[in-house]
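Structure record follows, encoded as structure tokens.
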């Protein structure tokens, strides 16, 4: 064809890279579709929910360079709002419940984001942590959360009013679809001009500012997208486990999502997914072993090891090796 | 009986006193955080764990070694301070050249390890430490009953805070510290052993936290999780005050304790959260913090 002859070598390489990437995505989607026949669907759904949570967090830390120590607040907000609505209004369909839960997380994200971006670096982390703790105390006392007990028996309901989600397989494909949507949003955000500006802010904020970018607006938008996706993960998780509890609002949860991202690879698209898979599996395995009481110690150790000598994370290291050997 | 806005004076003063005690702990902890941040530029997430270790050192020292309260007041900060110096030499130093967020993450991991380990051995319920004999009883001051131990905690915390301020602002060592905060490379070229200074600073900051832990042992149940929840409040205090000023950290700590105490009197439901709400207000009105120079 005429068009292929005019391709320059650079464009040709680009085209091949895109093809490889699309093939890779396709393989992963097929793996995702077949996975529930190999592994326990409830476990897979847990991994997918946390993977989405970690992807949301990674958008903020990995691409905008903002370390939020309060992402549990958004996970919990999504979870509680969805859980409360679905329990109290039996007519509500799950997708609407998720939508409203996510919306609540977005609103909270706007408020917290606007406050937190007024400070930088380490202060940003402390502000988000304190704000999340505020939400934790709020959820302990609020009348609709069930306090220490949490919300139990949230009905899964019928998707769009006619697809029952009571079977774990149906639920799994619904969760998988939500995860793909969330991941696509992150992927699009990262590879768009918006994502490029975020990276510019991460690398050198005064420079981005002097180039005329409204740095605060970009940071806030990144924060809100991240908060919304974290809320989406929380809402979905509540429907899967039919449960919303204070665990999701505790600062331990904010720490866990940092660990997932760090272990998998900060600033890589797939790192948070790998990290979430590993941390959830580890917790699953440890819970049944004699080491069950040592989970938080072991997570702490992984934290220390990651920071001291494994900062690129698993996917980051793989990328490095790939670049060294194949390019 | 005299009333203040519908609350008996004794109750009012009692809560104010409790608030002031809490404020003393906020001041001691945020002071340590500020000292460490000044030179190392990291936020020590293990600070709450160090406070907890100070309290545990006191408790275990009494149980197994027969060390009394007064000796613990000296020994626990020393031991925890040395422990902190080891951590600085072995770990924090290795990531000193990286983004300071890594310091936060590393110390967070350490806090999880210390807390988790002690939970396994001692559970989460907490143990009581007896008030030392010399400090039992209380003063009847006419309008309120003031337990001696609480008065002592306030006094000791204030003395240590002001002593720290004196060392940093008025002595040669403090001058090195302040110079190191401004420009460590230049200090090094003048022949000052900056790495040693950093190690000592971390040890000192951590020792302050441990000292607070010893003071807290007879007041609150000694439990592995006693530090982490306190630390998050202290973070909010630090955001409110800014870490640029030593006196600022002390004043903000005490002030926030008082505000918390007042809230307990008039609107107890918000006592847990009032400091976070003040933080939000400060962020909106004065984003750099009350005593902060930079945003």
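The values are calculated or read from the model by the stated rules, or taken from the named source; none is laboratory data. Note that the coordinates shown come from a computational prediction; the quantities given were computed from them, not determined experimentally. For neighbour counting, all protein chains shown are included, and Cβ atoms are generated from backbone atoms with ideal geometry for every residue, glycine included.
Anything in segment A:231-254 that is surrounded by 24 or more Cβ atoms within 10 Å (Cβ to Cβ) and assigned to a helix (DSSP H, G or I)? List them, or say none.
A:231, A:232, A:233, A:234, A:235, A:236, A:237, A:238, A:239, A:248, A:249, A:254
Pick out the one residue from A:179, A:223 that is modelled with pLDDT of 95 or more, buried (at least 19 other Cβ atoms within 10 Å of the Cβ) and more than 20 Å from residue A:68 (Cβ to Cβ). If you could, list the steps in order and put the result at the bottom.
Numbers: A:223 fails: more than 20 Å from residue A:68 (Cβ to Cβ).
Matching residue, one of A:179, A:223: A:179.
Can you pull out every residue in segment B:89-113 that is part of a helix (DSSP H, G or I), more than 8 Å from chain A (Cβ to nearest Cβ) and either without any contact (Cβ under 8 Å) to a residue 40 or more places away in the chain or surrounded by 22 or more Cβ atoms within 10 Å (Cβ to Cβ) (or both)?
B:90, B:92, B:103, B:107
Taking residue B:49 as meeting all but one of (1) part of a loop (DSSP other than H, G, I, E, B); (2) surrounded by 24 or more Cβ atoms within 10 Å (Cβ to Cβ), write down the number of the exception.
That leaves (1) as the condition not met.
Can you tell me how many residues within segment A:266-310 are without any contact (Cβ under 8 Å) to a residue 12 or more places away in the chain, within 8 Å of chain B (Cβ to nearest Cβ) and within 18 Å of residue B:101 (Cα to Cα)?
4
State the number of residues belonging to segment B:241-253 that are buried (at least 24 other Cβ atoms within 10 Å of the Cβ) and modelled with pLDDT of 90 or more.
3
On the basis of being surrounded by fewer than 16 Cβ atoms within 10 Å (Cβ to Cβ), in contact (Cβ under 8 Å) with a residue 40 or more places away in the chain and under 27 Å from residue A:62 (Cβ atoms), does residue B:128 make the cut?
no
Can you go through A:108, A:85, A:96, A:75 and tell me which one is under 30 Å from residue A:177 (Cα atoms), away from chain B (no Cβ under 14 Å) and in contact (Cβ under 8 Å) with a residue 24 or more places away in the chain?
A:75
Please go through (1) within 20 Å of residue B:230 (Cα to Cα); (2) away from chain A (no Cβ under 14 Å); (3) part of a helix (DSSP H, G or I) for residue B:125 and return the number of the only condition it doesn't satisfy.
(3)
Among the residues of segment A:124-166, write down those that are at the interface with another protein chain (Cβ under 8 Å from one of its Cβ atoms) and either in contact with a strand residue (DSSP E or B) (Cβ under 7 Å, 6 or more places away or on another chain) or buried (at least 20 other Cβ atoms within 10 Å of the Cβ) (or both).
A:125, A:126, A:127, A:129, A:130, A:131, A:133, A:134
Mind checking which residues of segment A:312-327 are touching a residue at least 12 places away in the same chain (Cβ under 8 Å) and outside any helix (DSSP H, G or I)?
A:312 - this is the single residue of segment A:312-327 that is touching a residue at least 12 places away in the same chain (Cβ under 8 Å) and outside any helix (DSSP H, G or I).
One residue is enough: does segment A:112-123 have a residue meeting the conditions more than 10 Å from chain B (Cβ to nearest Cβ), crowded, with 20+ Cβ neighbours inside 10 Å and not in a helix (DSSP H, G or I)?
No - not one qualifying residue is present in segment A:112-123.
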